[in-house]
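The values are calculated or read from the model by the stated rules, or taken from the named source; none is laboratory data. Keep in mind that what you see is a predicted model, and the values were worked out from it rather than measured. So basically every Cβ, Gly included, is an ideal-geometry build from the backbone, and we count neighbours across all protein chains shown. Side chains included, ligands, DNA and RNA excluded: accessible areas come from the protein's heavy atoms. Shrake-Rupley method; radii C 1.70, N 1.55, O 1.52, S 1.80 Å.
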Amino acid sequence: MNTATASNFGVAASAGGPLLGDAEFQFLRDFVYRHCGIALSEQKRQLVQGRLLRRLRALGLKEFASYCELLRKDPAGELGELASAISTNVTSFFREMHHYDLLVEQLLPRWLEEKKGGGRLRIWSAGCATGEEPYALAMVLAEALERTGSKVDARILATDLSPQALEHACAGMYALDRMGGISDERRRRWFLRGEGRYEGYACVHQRLRELVAIQPLNLLHDWPMRGPFDAIFCRNVVIYFDKPTKQRLFDRYAGLLEPGGYLFLGHSESMHGLSDAFDLVGRTVYRKRVS
Ligand SMILES: C[S@@+](CC[C@H](N)C(=O)[O-])C[C@H]1O[C@@H](n2cnc3c(N)ncnc32)[C@H](O)[C@@H]1O
């Protein structure tokens, strides 16, 4: 997926739909910035209009003013749908494979060795979209546990604010043609092929489901979990956030990571100039400093 391009927002307004006026666009910009950390420029007006038109239709609303009214009345209830409409949930299995290589070759063996006397291993997929990232993490984790015979209490937390994305993640069913990143061996091992009406789809193995806990969470709101985490994957999420939002988020990640814990960002994201709690130790891989 190409995260950084304007085409992520890229549906032009349909002809004949209601227009997004100045006051409504300003309201939406403020709302989206406050709740999602996304700063929408004036250039995004047409794109936002096009994207939200579908949502207006689904809700049976005729004007953007009514949609703004709904957001005023029930901000929490509509936030996920709004965020889904203006951002992208596009993702894939084993995207940015070099991060998984680092896990398999270095981090998992080290953590499992360190924790073999007991202890917990926790990985957080923050902004997990439709689940491909946490299930790919679960595959390498399950394989490492099996290979070493480790009995470590290991879990992956997967969170997102998009209700549709999380529904898909919970279902754990994927079209075969979207599973290109998975080796044949892993496909056989970790998926059950659908039959009949599920022909063309595959379902994740129960073992992967057991390792992954899926929860709704807005990264800008309060977090119920206390950590600590050994690693946080927050890839292709902060790309939409402005600088102060990224700074706050990275500080909060530092607070939840183990000393020496890892933060993985997406290929076009960087922490440069935003936090001194981390050192860059690989391609968009950061390690929390041990003070
Ligand atoms: C492009 S996907 C990235 C998926 C996956 N991490 C990857 O790299 O393939 C970005 C995800 O971040 C989520 N997201 C955006 N803003 C968020 C926020 N404030 N809180 C939680 N999730 C957010 C979106 O809903 C979307 O599912």
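Points worth noting:
- Of the solvent-accessible surface of region 97-288, computed with a 1.4 Å probe over protein heavy atoms with every protein chain present, carbon and sulfur atoms account for 49 percent.
- Percent of C-alpha pairs per 5 Å bin in region 89-223, short distances first: 2, 10, 20, 22, 20, 14, 8, 3, 1, 0.
- If you run the Gaussian network model on the chain, springs between alpha carbon atoms under 10 Å, then out of LEU102, LEU249, LEU137 the most flexible one is LEU102.
- DSSP-loop trypsin sites (Lys or Arg not before Pro) across region 217-291, with at most 16 other Cβ within 10 angstrom: ARG226, ARG283, ARG289
- 3J(HN,Hα) from dihedral phi, region 155-160, Karplus parametrisation 6.51/-1.76/1.60, rounded to Hz, x for glycine, proline: 9, 10, 8, 10, 10, 7
- Within the chain, no whole DSSP H helix has Cα atoms reaching 18 Å or more along its own axis together with a mean Kyte-Doolittle score of at least 0.5.
- Convex hull volume of region 6-86 per residue (C-alpha atoms, cubic angstrom): 84
- C-alpha center-to-center spacing [region 71-142, region 43-63] in angstrom: 30
- Range of Cα positions in region 163-291 per principal axis (Å), largest first: 55, 29, 26
- Full-extension gain in nm, SER268 to LEU176, via 0.36 nm per residue minus C-alpha separation: 30.4 nm
- A Förster radius of 35 Å combined with the Cβ-Cβ distance from ARG155 to LYS73 puts the calculated FRET efficiency at roughly 0.40.
- Packing around the peptides 71-82, 87-98, taken as the average count of other Cβ atoms within 10 Å per residue, puts them in this order, highest first: 87-98, 71-82.
- The tail of the calculated P(r) for region 155-230, taken as Cα-Cα distances beyond 17 Å, holds 55 percent of the pairs.
- Per residue, region 6-86 exposes 50 Å² of solvent-accessible protein surface, assessed with a 1.4 angstrom probe and all protein chains in place.
- Average accessible surface area per residue within region 152-285, 1.4 Å rolling probe, Å²: 51
- Scattering profile of region 66-105 at q = 0.20, 0.33, 0.36 Å⁻¹ [log10 I(q)/I(0), Debye over alpha-carbon scatterers]: -0.66, -1.03, -1.10
- Area projected by the alpha carbon convex hull of the chain, averaged over all directions, nm²: 16.5
- Region 6-86 - percent of accessible surface contributed by carbon and sulfur, probe 1.4 Å: 53
- Nearest-0.05 FRET efficiency for GLU210 and GLN106, computed from C-beta distance (R0 35 Å): 0.90
- Of GLN46, LEU79, LEU107, farthest towards positive along the dipole that unit charges on Lys, Arg, Asp, Glu beta carbons give the chain: LEU107
- Under-5 Å amide H pairs with ALA213, H placed in peptide plane, nonlocal only: ILE156, LEU157, ALA158
- Sites ASP276 and GLU63, calculated FRET efficiency, Cβ-Cβ separation with R0 45 Å, nearest 0.05: 0.40
- Across the options ALA136, ALA23, HIS272, the greatest Cα extent toward the positive end of the charge dipole of the chain (unit charges at beta carbon of Lys, Arg, Asp, Glu) belongs to ALA136.
- Most simply put, the chain has about 40% antiparallel DSSP beta bridges, counting only bridges with both residues inside it.
- Region 226-291 and region 177-192: distance between their alpha carbon centers, rounded to Å: 30
- Every helix of 4 or more DSSP H residues in the chain counts as -39500 (n - 2.57), and over all residues that averages to -12000 deg cm²/dmol at 222 nm.
- Sequence-distant residues sharing a close amide H with PHE278 (under 5 Å, placed H): ARG289
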